[in-house]
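Some notes on the structure that comes next.
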Amino acid sequence: MAMPQPPEAVLETALYAENLEETAVFYKDIIGLEEEVRADGRHIFLRCKTSMILLFDPEATQDSSGKFPVPPHGAKGEGHVCFRAGPDDLDAWAAHFAARNVEIEADFEWPNGARSIYVRDPARNSVEFAEAKLWGFDA
């Protein structure tokens, strides 16, 4: 049997945060994502146009009692997510973060000329904004 075609995109990305509410506020109020689904104390799911950011409490997702139809999962420590941003949008993001007292941890140009800006969410996850050409994709 032949292998299916590779997936066309990432549909969802999971990040873990002990303080779900504080972290969700960051993604809603600072990044501009919309809340889609919530299970208090377990998860908050946020829409990013055609993909989802799933915020989970790492302890709650270890529950295998059968309340949710998915296998237990979780992670400890700092995760990472990268949002695609156009070259003209990166200066606007930098100004937006400065105006909201969100520290820019790094702002630099990669060897291929792509620019990335890094900040941290309240759970200390690394949040990157980068040009698509970082990975050779069209803008």
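Among the aspartates and glutamates, which fall within straight-line cross-link reach of K28, defined as a Cα-Cα distance under 13 Å, with same-chain neighbours fewer than 8 residues apart omitted?
E36, D121
If you line up the long axis of helix 87-99 against the longest principal axis of the chain, both from Cα atoms, how many degrees apart are they, to the nearest 10?
70
For segment 38-54 and segment 75-130, what is the separation of their C-alpha centers, rounded to whole Å?
About 20 Å separates the Cα centre of segment 38-54 from the one of segment 75-130.
Accessible area per residue of segment 1-127 at 1.4 Å probe, in Å²? Could you put the intermediate results ahead of the total?
Numbers: 8050 Å² over 127 residues.
Per-residue accessible area for segment 1-127 comes out at 63 Å².
Measure off, as a whole percent, the carbon and sulfur share of the 1.4 Å-probe accessible area of the chain, all protein chains present. List each step's numbers first, then the result.
Details: 4700 of 8850 Å².
Taking all protein chains in place, the chain shows 53 percent carbon and sulfur surface.
Taking every pair of Cα atoms in the chain, average 1/r, invert it to obtain the Kirkwood radius, and report Rg/Rh to two decimals.
Working: Rg = 16.5 Å, Rh = 16.4 Å.
Ratio of gyration radius to Kirkwood radius for the chain: 1.01.
How many percent of Cα pairs in segment 17-88 exceed 21 Å? Write down the numbers at each step before the final one.
Numbers: 753 of 2556 pairs.
Tail fraction, whole percent: 29.
Assigning unit charges at the beta carbon (Lys, Arg +1; Asp, Glu -1) and nothing else, what dipole magnitude in debye, to the nearest 20, does the chain show about its Cα centre? Don't skip to the answer; put the middle values down first.
Details: 13 positive and 25 negative charges, 62 e Å.
Using only the charged Cβ atoms, the result is roughly 300 debye.
The values are calculated or read from the model by the stated rules, or taken from the named source; none is laboratory data. Computed from a predicted structure; not experimentally measured. Cβ sites come from the backbone with ideal geometry, for glycine too, and all protein chains shown count toward neighbours. SASA here: full protein model, heavy atoms, side chains in, ligands and nucleic acids out. Shrake-Rupley method; radii C 1.70, N 1.55, O 1.52, S 1.80 Å.
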